[in-house]
Structures are given as structure tokens and as C-alpha cells.
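These notes concern the structure reproduced below.
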Amino acid sequence: MTISMLGNEITVRGEFDLAAAARFLTGFAPAGQPEAEPGALRVAFPLDGEWTPVGAVLRQRSPGEVSVEVHGPPASAEAVVAQVTRLCSLDVDGTGFREVAERDPVVSLLQGLHPGLRPVLFASPYEAACWAVLSHRIWMTQAVRLRRRLAERHGTEVEVGGSVLTSFPAPAVLAKLEYLPGLSGAKMQRLRAIAEAAADGLLDAASLRSMPADEALKRLQVLPGVGKFSAELILIRGAGHPDVFPRAETRLHEIMREAYHLPDASVEELAEIAETWAPFRSWASFLFRVEGEARMRESR
């Protein structure tokens, strides 16, 4: 039985603005989320490990608390809250992020431009890994169409607070999929391998975050079609590791070179700058990307 349940709260440690997270997610094409009520965030996803389609509505009643309206089996309520807590990076104590701004004036400027914005993640490392496969070496618009087609044809519709959202296909469904229009045979094979890895627990967020980042990245690169860039995406934007500097993300490096007025800086030099962001290197990197994308849209 699936019902709507109220009364679940997330305690916020540090600055956080749910409205900013909702604006980001509705504009983040890979997430495939529609606009919702102002200030609220509606999501649907397969529940980690169980892969039951569930949904949630998040609302921020005060700076220190976010309420979660769960749509799913009553026995899964705690797990749903835990997953959306990670999705919004609320499982991390963010009180020290302000100290990064005190050490780096560029990060201070970014925090001022995007107050309370924390990394908004894929619902799981599994979904992040699937996106990495779908988007590899094609235009973003093409990848978005593929993801939408995959979700609409093989996902599950979930009623979430008056809206119908589509949950991404569970690993068991994807593992049996043989064909998707527009998707190459090689990518289809890689998606099935990702689905099997997720079903076997190899894409568990807690496990990936419990090991040293370098080790987690190496393990992820064992998966078919997962290179350095994709492994970083899965660990940072899927598992939610808060302190990894993306060494393979060339777009981020370009944005940083411009921001610090270092046009010839190497990746190692940029990584050295990022040392001052610890233990929030992923968070600071996220703000650089968000601002870079905003400026790109303004220049069009």
C-alpha cells in the first residue's frame, strides 16, 4: 500500500535554501523534474536497495528545518527521508562552509550570489551512473531525450502531492532491457551492467562514501563505460561525497581559470587552490559550475 505521510522533519545544520535547490533541480535537465509549488521540491525515484518507486515533497518551514511529505509504503518512510536528505546534501553538517569563504574571496563571492545553495544530487549513484552512460559523447539535449524516453517507457508513475512524476526504472527493469530507440547497442550493454552492479550493491552511496575517495573512484572505473569523469560524477553527484575536487571536469577548470585570472593554470595548480576549500571541495566546485552555467545563459 502506498500512502501520503506527513510529520517527517530534517534538521538543517548550516545555511540552506530549499527554494534555491528547487530552482536548480527544475532547471537541471538530467533530473527531468517539472516545476512545482513555489519553494517546494517534488521528487520521485527508486528507493535505494529496495528499488520501490517512491516520492516526496520537501518544504522549508524555517531556516533550521525541512519537512518531508512521503509518498510510498509506510515501512519505507524512514528510508525515503534519508534518501532525500542526501539528495539535498542535508546529511552533511554545513556550518563550516562559511569558513571556506573566509579563506577564499572567490568562494565568498559565489556564496553571496547563491546563498544557501548546496549541491543537489541525482537520487542515487545508480541514477548518476546511468546518466553518465547516456550522456557520454553526445549533446546534452540528445542525452536528455534519451533519459526521458527511458523513464517514460520503463519507469513508474508516482503521485506526489497532486502531481504525477515518473520514477526512473529500477535496476531489475533496466537489466532486462534490450532496446531503446536512439541508444546504441554498446550503451545499452553498459546500462545493463550498471543495473546489475546496482542490484548487487556495488553502487551503494554509504559504502562509496565510507572509503577513501581515490579508492572509490578506482572501484567505480571498473564498471563498463565509466572513466575518470563519470566516476567523479557518480561519487560527487550520486553518492554525495562533499570533499572531492573533480580533476577530470574540464569545464570546471575553465571556469576556475577565468575566476582566478590564471589562464594557464594546470589541473594540479587548480587542485592546490581547491585545497583551501576542504572539507567542502565538492560544494565549492558545484557553486563554480552553477555560476558558470548562469553566465553562459546570460551571454546567449
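Laboratory data are not the source of any read-out in this text; all were calculated from the coordinates shown. Quick caveat, the model's predicted, so the values are computed rather than measured. No Cβ is skipped: glycine too gets one built from the backbone with ideal geometry, and neighbour counts run over all protein chains shown.
The protection proxy used here, the mean number of other Cβ atoms lying within 10 Å of each residue, ranks peptides 9-21, 137-149, 286-298 as follows, highest first: 9-21, 286-298, 137-149. Straight Cα distances below 17 angstrom link residue 218 to the lysines 228, with same-chain residues fewer than 8 positions distant left out. Only Cα pairs under 8 Å and 6+ residues apart enter the sum, and on that basis the relative contact order of region 139-238 stands at 17 percent.
Within region 216-244, what residues put their amide N at less than 18 Å from the label point 7 Å along the Cα-to-Cβ vector of residue 93? Label zone hits: 241-243.
Could you tell me the calculated FRET efficiency between residue 268 and residue 229, based on Cβ-Cβ distance and R0 = 25 angstrom, to the nearest 0.05? So, using R0 = 25 Å, E works out to roughly 0.90.
Helical content alone sets the calculated 222 nm signal of the chain at -13500 deg cm²/dmol, taking -39,500 (n - 2.57) per DSSP H segment of four or more residues and averaging over every residue. Here r is the Cβ-Cβ distance between residue 15 and residue 189 and R0 is 41 Å; the resulting FRET efficiency, rounded to 0.05, is 0.40.
Placing pseudo-labels 7 Å out from each Cα toward the beta carbon at residue 221 and residue 297 gives an inter-label distance of 3.4 nm. Here 180, 191, 109 are placed in order of increasing Cβ neighbour count within 10 Å, fewest first, which gives 109, 180, 191. Taking other Cβ atoms within 10 Å as a rough exposure proxy, 211, 256, 188 sort from fewest to most as 211, 188, 256. Using a simple spin-label model with pseudo-atoms 7 Å out from Cα toward Cβ, residue 196 and residue 259 lie 4.0 nm apart. Using every pair of distinct Cα positions in the chain, the Kirkwood expression returns a hydrodynamic radius of 19.6 angstrom.
Distance between the pseudo-spin-label points of residue 211 and residue 62 (7 Å out from Cα toward the beta carbon): 4.1 nm.
Neighbour counts of other Cβ atoms within 10 Å put 230, 67, 62, 108 in the fewest-to-most order 62, 108, 67, 230.
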